[in-house]
Amino acid sequence: TNPGFTVRITQAGLDYACQQAMSMLEKELAKLKLPDISGDSRAGRVGKVHYELSRLSLRDFHLPYSRITPISNVGLQISISNAFTELGGDWRVKFLFVRDHGSFNLKVENIYIKVSLMLGSDASGKPTVSISDCRTRISNVRVVFSGKLGWLYNLFHKAIESRFRKTLEDKVCDIVEKSGHRELQEYVRTFPVTARIDTKTGIDYSLVAPPRAITQFLDVDLKGEFYSLAHRSTVPFSPVPLAFPSDHERMVYFGASNYFFNTACIAYHKAGELVFEITEDMVPKDAGFKLETSIFSGFIPQLEQMYPNMPMKFRLSAPTAPLLTIAPGGISLIPTVDAQAYAILPNSSLAPLFLLSLVRNVSAVINVKSGHIVGSLDVGRIRLSLKNSAVGTFQVRTLQSLMNILTSNTLLPRLNARLGEGFPLPLPEGIQLSKILVKFYQ
């Protein structure tokens with residue numbers, strides 16, 4: 001299935017994510033607990049040296065150089081180089097009739113870690129991530145013992161350095177795998193598969209396929225479909241292929257096709273949200289007229305005769321969901337709106353007067369604020385036609401100015417207020433966007 005919404009994380013975005021991950025991993029590795037070490041080391045023909053190391057304490061763990069690389073059709077690979085750590089502890093040794101003890105300091109340098117991440121998606125459409133491989137190699141381990149018997153330490157320090165190297169290599173990958181599974185998987189679970197917008201509609205952001213790693217990119221294809229909470233039905237058209245522009249200087253790109261926006265139109269139409277009423281109290285004070293039958297007396301005389309000086313209201317509704325078009329020049333649509341005029345009788349019941357069809361060119365401006373897609377509409381002149389009338393026929397062009405005022409000054413502000421609240425982007429927890437640029441493409 002083609003996505004209605006796509007997210008592309010570029011190498012710059014992956015590098016930033018890697019920096020955050022390394023900061024977390026450093027803290028986890030700094031908590032590393034090493035077991036006491038003991039053993040025997042042969043000292044030539046003179047016998048064995050028995051050593052014990054205890055109360056091992058890691059002081060810190062530094063990961064100064066890291067790189068994350070997309071591996072096509074596989075996932076991501078993180079390479080960490082020149083990492084280093086330092087730890088201390090107590091030592092005790094027995095050799096023939098000599099016994100000694102003290103403290104030691106161990107420096108571990110040139111640590112290389114390579115981690116492979118496998119990306120996928122679960123049955124609900126949430127992304128998944130797992131560590132498929134971890135390898136650690138330590139090139140340099142140096143132990144420094146306190147004390148005066150230097151010749152004695154030389155009898156067993158190589159054995160200890162070898163033991164430390166093997167223990168640390170195993171422990172580092174163990175922590176990487178446990179931390180990665182816990183932290184990464186928990187974090188990707190915060191990705192919103194669905195986003196409830198209001199009491200009537202939501203957005204489906206479930207993955208239509210596992211994330212795709214491509215050279216310098218990570219692409220995540222989402223359904224990108226609005227739906228009615230009361231009754232979800234199949235959209236009568238399919239999303240078209242969506243391609244990103246060639247530039248990739250920013251960390252993340254979001255691509256929304258006309259499918260994404262048009263399913264919003266369908267969802268709100270099905271939910272009955274594209275119905276608006278214009279009454280007297282909504283007419284601006286400076287409009288210069290009251291919404292009552294007397295203002296039509298000049299061009300619909302029979303209306304004033306049948307319902308003299310009665311208040312009126314218009315009920316505006318879209319007979320079909322309006323569909324928009326995205327092009328390099330922006331977003332445009334030509335909605336058709338039915339405007340039913342009523343007279344409000346003294347007993348508050350409604351008398352239908354006439355039904356107009358309104359067609360208007362509308363352009364939309366789109367922006368992103370606080371993780372939400374927001375917008376506003378601008379309208380052109382209205383075109384009217386009379387669909388039916390209970391007060392006789394009349395020239396609809398005489399209503400042109402009045403309907404322009406009513407729709408521009410009452411309906412448009414309500415629509416723009418709702419669009420100003422916006423619709424949430426699919427952002428995992430803690431992500432904020434900056435330096436946002438919105439562009440339109442065919």
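Computed from the coordinates by the stated procedures, all read-outs in this text should not be read as laboratory data. Note that the coordinates shown come from a computational prediction; the quantities given were computed from them, not determined experimentally. Ideal geometry is used to build each Cβ from the backbone, glycine not excepted, and the neighbour counts take in all protein chains shown.
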Discussion item. With a 10 Å cut-off between alpha carbons and a GNM built on the chain, which of GLN302, GLN185, GLN11 moves the most?
Written reply: GLN302
Worksheet item: Among 352-363, 321-332, what's the highest-first ranking by average C-beta atoms within 10 angstrom per residue?
Response: 352-363, 321-332
Worksheet item: Angle, helix 258-270 long axis vs. longest principal axis of the chain, Cα atoms, 0 to 90°, nearest 10?
Response: 60
Item to complete: Please work out the Kirkwood hydrodynamic radius for the stretch 10-190, using every pair of different C-alpha atoms, and report it in angstroms with one decimal place.
Response: 18.3
Discussion item. I'd like the Karplus ³J(HN,Hα) series for the stretch 274-285: coefficients 6.51, -1.76, 1.60, θ = phi - 60°, whole numbers in Hz, and an x wherever there's a Gly or Pro.
Written reply: 9, 10, 9, 10, 10, 10, 4, 5, 8, 6, x, 4
Item to complete: Rank ASN258, ASN367, ASN347 by mean-square fluctuation in a GNM of the chain with C-alpha springs under 10 angstrom and give only the top-ranked residue.
Response: ASN347
Discussion item. Debye calculation, C-alpha points only, no solvent: report log10 I(q)/I(0) for the chain at q = 0.07, 0.08, 0.14 Å⁻¹, in the same order as the q values.
Written reply: -0.57, -0.66, -1.19
Response to the item:
Taking the alpha-carbon centre of each part, the distance from the stretch 28-101 to the stretch 338-393 in Å is 75
Item to complete: Could you go through the stretch 345-356 in sequence order and give the Karplus-derived ³J(HN,Hα) for each residue, using 6.51 cos²θ - 1.76 cosθ + 1.60 with θ = phi - 60°, rounded to whole Hz, and x for Gly and Pro?
Response: 6, x, 8, 6, 6, 10, 10, x, 10, 7, 10, 9
Fill in: Alpha-carbon centroids, the stretch 254-312 and the stretch 405-422: separation in whole Å
12
Worksheet, complete the sentence: Between PHE354 and residues 5 or more places away or on another chain, the pairs with built amide H atoms under 5 Å apart involve ALA341, ALA390
Response to the item:
Taking every C-alpha to C-alpha distance in the stretch 194-424 and binning by 5 Å from 0, the per-bin percentages run 1, 6, 12, 16, 16, 13, 11, 8, 7, 5, 3, 2, 1, 1, 0, 0
Practice prompt. Set the Förster radius R0 to 22 Å, insert the Cβ-Cβ distance between THR1 and THR128 as r into 1/(1 + (r/R0)^6), and round the FRET efficiency to 0.05.
Written response: 0.70
Practice prompt. Quick one: which residues, 5+ away or cross-chain, put their amide H under 5 Å from the amide H of HIS372? H built at 1.01 Å from N.
Written response: LEU425
Discussion item. Below 8 Å between Cα atoms, with a sequence gap of 6+, how large is the relative contact order for the chain in percent?
Written reply: 14
Worksheet entry | Any cysteine of the chain lacking a neighbouring Cys Cβ under 4.7 Å - listed by number | CYS18, CYS265
Response to the item:
Longest principal axis of the chain (C-alpha) makes with the long axis of helix 157-179 (C-alpha) an angle, in degrees to the nearest 10, of 20
Worksheet entry | Distance (nanometres) between label positions extended 7 Å along Cα→Cβ at LYS27 and SER348 | 6.0
Worksheet item: Where does the chain land at 222 nm, in deg cm²/dmol rounded to the nearest 500, when only DSSP H runs of n ≥ 4 count, each adding -39500 (n - 2.57), divided by all residues?
Response: -6000 deg cm²/dmol
Worksheet item: What aspartates and glutamates sit close enough to LYS313 to cross-link, taking a C-alpha to C-alpha distance under 19 Å and skipping anything fewer than 8 places away on the same chain?
Response: GLU273, GLU277, GLU280, ASP281, ASP286, GLU292, GLU304, ASP338
Worksheet item: Using the alpha-carbon atoms, what tilt in degrees (0 to 90, nearest 10) does helix 11-30 show relative to the longest principal axis of the chain?
Response: 50
Worksheet, complete the sentence: Taking placed amide H atoms and a strict 5 Å upper bound, the residues 5 or more places from VAL208 or on another chain that come that close are ASP221, LEU222, LYS223
Practice prompt. Quick one: dipole size for the chain, taken about the Cα centre, charges +1 on Lys/Arg Cβ and -1 on Asp/Glu Cβ, in debye to the nearest 20.
Written response: 1380
Fill in: Karplus (6.51, -1.76, 1.60) ³J(HN,Hα), θ = phi - 60°, over the stretch 189-195, in Hz, Gly and Pro reported as x
5, 7, 5, x, 6, 10, 10
